[in-house]
Every structure is written in C-alpha cells, then in structure tokens.
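The values are calculated or read from the model by the stated rules, or taken from the named source; none is laboratory data. Just so it is clear, the structure is predicted and the values come from calculations on it, not from any experiment. Counting neighbours? That spans all protein chains shown, and the Cβs are built from the backbone with ideal geometry, glycine included.
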Amino acid sequence: MTATDASGARIKAKTRPADRIFSASTIVAGALILAALAAVAVFLIVQSIPALVANPADVDQFVKRGADSFWAYVLPLVLGTIWAAVLALILALPLSLGIALFISHYAPRRVAQALGYVIDLLAAVPSVVFGLWGIKVLAPAITPLYAWLNANLGWLPFFAGTPSSTGRTILTVAIVLAVMIIPIITALSREVFLQTPRLHEEAALALGATRWEMITMAVLPFGRPGVISASMLGLGRALGETMVVAMILSPGWLITFVLTSSENMPTIAGNIALQFPEAAGLNVNALIATGLVLFVITFAVNAMARWIISRRAAFSGAN
C-alpha cells in the first residue's frame with residue numbers, strides 16, 4: 001500500500017544519496033551488457049560483409065573446401081557444431097540430473113557437501129586440460145570400443161564405415177564436452193532442486209508416496225524451468241568450445257553422422273582456432289562470418305530456452 005497524508009496526497013520516501021548511486025550503478029551495469037552485446041554483433045556483421053559479397057573464387061577458404069558459396073562452406077561447420085553439442089548434452093543431462101538429485105535428496109549432509117565442492121572445482125578446470133586428457137587418455141582407451149561397435153552394430157548408420165584407429169572421433173569430442181558441461185548442469189540443477197518447497201515434498205510423502213515418487217511429483221516439476229536453463233547453458237558452452245575440438249577432432253570437410261569414423265564434420269569454433277593464425281585478407285572475413293553464424297546459433301538457443309521457460313512461468317512454489 002502507498003502511504004498518504006490527511007489530504008490524500010501520496011507521501012514519498014526520502015531519497016538518499018546511497019539509493020541514487022545504487023540505482024544509477026545498476027542501470028549502467030545493465031546498459032553495459034547490452035552495449036557489449038551490440039558491439040560484438042556490429043563487429044561480426046561489419047567484418048562478415050566482405051566475405052559474404054565476395055566472389056567465392058577469391059576466397060581461399062572456399063576454394064580449398066570446394067565450396068561455391070559461403071553457405072556451402074559453412075553448412076558442414078554448422079552441422080558439426082550442432083551435432084557435437086547435442087551429443088554432449090544427451091550424454092551429460094541424465095548424469096547431471098542424477099548427481100544433482102543424489103546431492104540434494106539422497107546423500108548424507110557431509111557427503112553432499114564434499115561432492116558439491118568437487119563438482120564446483122571440476123567446473124574450474126581449464127578446457128586445455130580436458131583436451132589433453134581426451135587425446136592422451138580417453139581416445140586410446142576408447143578405440144577398442146569403437147571397433148566393437150562397428151563389428152556388432154555396424155548395421156546402424158551411426159557405427160558404419162571403418163572405425164577410427166586413433167579414437168579422434170566426434171564421439172570422443174562429445175564425451176569430453178559432456179564431462180565439461182556436467183558440472184554446470186549439475187550445480188544449477190542442484191540449487192533448483194534444493195529450492196523445492198518443503199510443504200510440497202512433505203505433502204507427497206504424507207499421501208504415501210515413496211521418495212522417488214515424491215521427486216517425480218514435486219521436485220522435478222518444480223525444477224523443470226531451472227533444469228531447462230541449466231541444459232541450455234551447458235549446450236551453449238558445448239557449442240562454443242574451441243580447444244577440446246581443435247586438439248581431439250580429426251576433421252574432414254564432409255557431412256556425416258557416423259560416430260566412430262576418423263572422418264568427421266568440423267565445428268565452427270575449432271575451424272576458426274585452426275585456420276585463423278594463417279588466414280589473411282578475405283579468409284579472415286570468411287572465418288569471422290562463420291563466427292557470426294555461431295553467434296546467431298547461440299542466441300537462438302538461448303531465446304528458445306527463454307520461450308520454453310516462459311510457458312511454465314505460471315508454476316511456482318507459491319502456487
């Protein structure tokens with residue numbers, strides 16, 4: 001309610017200097033975020049235009065890949081980027097939810113605290129370390145599995161062809177990316193699950209539900225928007241990852257969805273990292289144009305996540 005005096009006029013609270021400073025600082029902070037995003041978008045667009053309007057024969061990046069246009073050049077990159085990120089999310093999401101539920105509803109307090117610290121520390125490991133682990137440890141160790149999959153499940157399109165003898169495949173990259181995004185999804189999902197109203201949980205248990213039934217009826221529905229946000233954040237991390245892809249993947253320039261072959265689709269971030277040091281002229285503009293495509297993809301992913309969450313905004317713990 002708004003306070004009023006005897007005459008009915010509203011009484012305004014006295015504005016203090018600290019309030020004005022705090023209000024102004026928050027406005028400036030929000031404006032800086034929008035300005036930075038706009039500056040990045042403008043830079044990418046301006047630098048991409050020369051490659052988009054140029055004759056494909058004048059761009060060495062296009063000529064080397066046999067592309068007759070920018071879109072023919074970028075298509076394998078887009079498909080490879082999305083394919084690797086989606087595979088990583090498929091692998092990471094069930095594990096992340098299981099770990100988050102274990103920490104929030106099953107583990108003893110001391111175990112939950114220790115495991116939570118480990119998860120948070122895992123998120124701080126540099127990507128180059130994950131890349132070294134992937135190429136030196138995981139890739140050689142997983143090669144026999146690829147041979148087994150090809151021998152026993154080769155009739156499936158995902159495991160057809162000749163299996164890689166080095167383990168440098170899109171599936172290896174996806175596994176490493178999954179390990180990298182598990183801490184992100186787990187940490188956010190854990191915090192969301194812990195915010196489930198205790199009354200909802202106790203009501204489910206009082207009606208005779210088991211702990212798992214209580215989780216499916218109360219915890220997961222309440223935490224669904226948060227899980228979606230965490231998943232999209234992890235997907236965004238996987239889409240933009242550079243070092244792991246550049247170090248592990250053995251890219252070709254083709255469109256294939258085979259998981260165990262040594263011929264793999266490249267990714268946008270990995271291609272930029274590998275080609276940019278030697279690029280010059282229109283080749284730089286072509287690489288920046290692919291960066292613009294990646295920018296649009298990540299923006300679209302986040303916009304879709306916000307749309308999904310907004311559809312469930314009516315559900316909250318207060319309802």
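Looking at S165, S127, which is the one that is touching a residue at least 12 places away in the same chain (Cβ under 8 Å) and over 27 Å from G234 (Cβ atoms)?
Step by step, each of S165, S127 is checked, and only S165 is touching a residue at least 12 places away in the same chain (Cβ under 8 Å) and over 27 Å from G234 (Cβ atoms).
Would you pick out the residues in the stretch 253-298 that are under 18 Å from T81 (Cβ atoms), touching an Asp or Glu at 6+ places or on another chain (Cβ under 9 Å) and assigned to a helix (DSSP H, G or I)?
A269, G270, A286
Would you point out the residue of the stretch 259-292, among those that are in contact with a Pro (Cβ under 7 Å, 6 or more places away or on another chain) and of a type in the set (A, V, I, L, M), that is modelled with the lowest pLDDT?
It comes out as L282.
Kindly provide the set of residues from the stretch 141-161 that are surrounded by 12 or more Cβ atoms within 10 Å (Cβ to Cβ) and not hydrophobic (A, V, I, L, M, F, W, C), ordered by number.
T143, Y146, N150, G154, G161
Please name all residue pairs, on different chains or six or more residues apart, with Cβ atoms under 8 Å, provided the first residue is in the stretch 172-199 and is among the charged types (D, E, K, R) and the second residue is part of a helix (DSSP H, G or I).
As it stands, the answer is R190/I99; R190/A100; R190/I103; R190/S104; R190/G116; R190/I119; E191/G226, since those pairs meet every condition given.
Would you point out the residue of the stretch 252-265, among those that are out of contact with any Gly (no Cβ under 6 Å at 6 or more places or on another chain) and surrounded by fewer than 21 Cβ atoms within 10 Å (Cβ to Cβ), that is farthest from V293 (Cα to Cα)?
S262
So, in the stretch 202-229, exactly how many residues are under 17 Å from N302 (Cβ atoms), touching a residue at least 40 places away in the same chain (Cβ under 8 Å) and in contact with an Asp or Glu (Cβ under 9 Å, 6 or more places away or on another chain)?
Adding up the residues that qualify gives 0.
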